[in-house]
Amino acid sequence: MMLLEIEGLQAFYGRSQALFSVNLSVDEGEVVALMGRNGMGKTTTIRSACKILPYRHGSVRFRGRDLGPLRSHRVARLGVGLVPEGRRCFPNLTVHENLVVAARPGEWTLERVNAMFPRLKERQRQSSSTLSGGEQQMLAIGRALMTNPKLLILDEATEGLAPVIRREIWSAVSQLKMAGQSILIVDKTLKELMKVADRCSILERGTSVWDGPPSDLNKDIQDRFLGV
Ligand code: ATP
């Protein structure tokens, strides 16, 4: 049984259809990169899978369970840890508070999160609104890990960050992969994405068009679907 299995997913913003037929799966321990040019439906797929956006047709199953009837907080409690585009933390809480309020029992503890992101430990008493963009992103990832998710979803986690911070985030992602964390990831940096992904899944205008290991993602497919 797949951890996450999306089949024939369709989603709409009002009357405008954004997803036509999305098929996507993430197995236990797998890192899957969801790819496609701007506006092709990556964020919409993630938001539908987390039930932030209701979907109309198709199915989303998490560990065999149909997410159709569930609200987003229930999906989170089942073990889906989303780090949304634009990293939202609670600005009126300190770094430490942001992490501990998210905590649920499991392997990921405050100590482990602080070891992965030493900057967060250094700033634990600061209000999270005083953090740099990169530090806020680390905090958003740390918060998601504190919930001990069975599946971690990262949407554009390195977007708009300084190169040194991006490297720290990618290093964290590869540490997570080595620790066996299942991850669904969207990112613009194709090179890093292909290094870390076990499998890539490409969307073109709201439709799944290609799925395979990064080693099969040749220049031809990249030109056709990713515009590089
Ligand atoms: P990007 O990399 O630019 O974030 P994406 O692949 O994540 O792109 P989505 O954000 O999922 O793409 O957008 C898919 C389609 O849905 C696009 O045509 C977009 O214009 C449309 N869309 C996204 N958000 C909304 C919204 N809130 N209201 C209406 N249409 C939207």
Among the listed residues ILE169, ILE165, which satisfies the condition of being closer than 24 Å to GLY227 by Cβ, more than 16 Å from the ligand (Cβ to nearest atom) and either charged (D, E, K, R) or not in a loop (DSSP other than H, G, I, E, B) (or both)?
-> ILE169
Inspect all residues belonging to the stretch 37-50 and state whether any of them is of a type in the set (D, E, K, R), more than 16 Å from the ligand (Cβ to nearest atom) and in contact (Cβ under 8 Å) with a residue 40 or more places away in the chain.
-> no
Checked ALA11, ALA76, ALA18, ALA33 against criteria (hydrophobic (A, V, I, L, M, F, W, C), outside any strand (DSSP E or B) and touching a residue at least 40 places away in the same chain (Cβ under 8 Å)); the one match is ALA76
Just for the stretch 97-115: of the residues that are under 20 Å from the mean Cα position of the chain (by Cα) and either touching a residue at least 60 places away in the same chain (Cβ under 8 Å) or assigned to a loop (DSSP other than H, G, I, E, B) (or both), which one is surrounded by the fewest Cβ atoms within 10 Å (Cβ to Cβ)?
-> GLU107
Those residues that are assigned to a loop (DSSP other than H, G, I, E, B) and surrounded by fewer than 19 Cβ atoms within 10 Å (Cβ to Cβ), I need them from the stretch 116-146; list them, please.
-> GLN124, ARG125, GLN126, SER132
The correct count of residues that are within 13 Å of the ligand (Cβ to nearest atom) and touching a Cys at 6+ places or on another chain (Cβ under 8 Å) in the stretch 1-33 is 1
Could we say that ARG199 is within 13 Å of the ligand (Cβ to nearest atom) and of a type in the set (Lys, Arg) here?
-> no
Scan the stretch 168-178 and give yes if some residue there is crowded, with 16+ Cβ neighbours inside 10 Å, of a type in the set (Phe, Trp, Tyr) and over 20 Å from MET40 (Cα atoms), otherwise no.
-> yes
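Bear in mind these aren't lab numbers, they're just calculated from the coordinates by the rules spelled out. Quick caveat: nothing in here was measured; it's all calculated off a predicted structure. Every residue, glycine among them, receives a Cβ derived from its backbone with ideal geometry; neighbour counts consider all protein chains shown.
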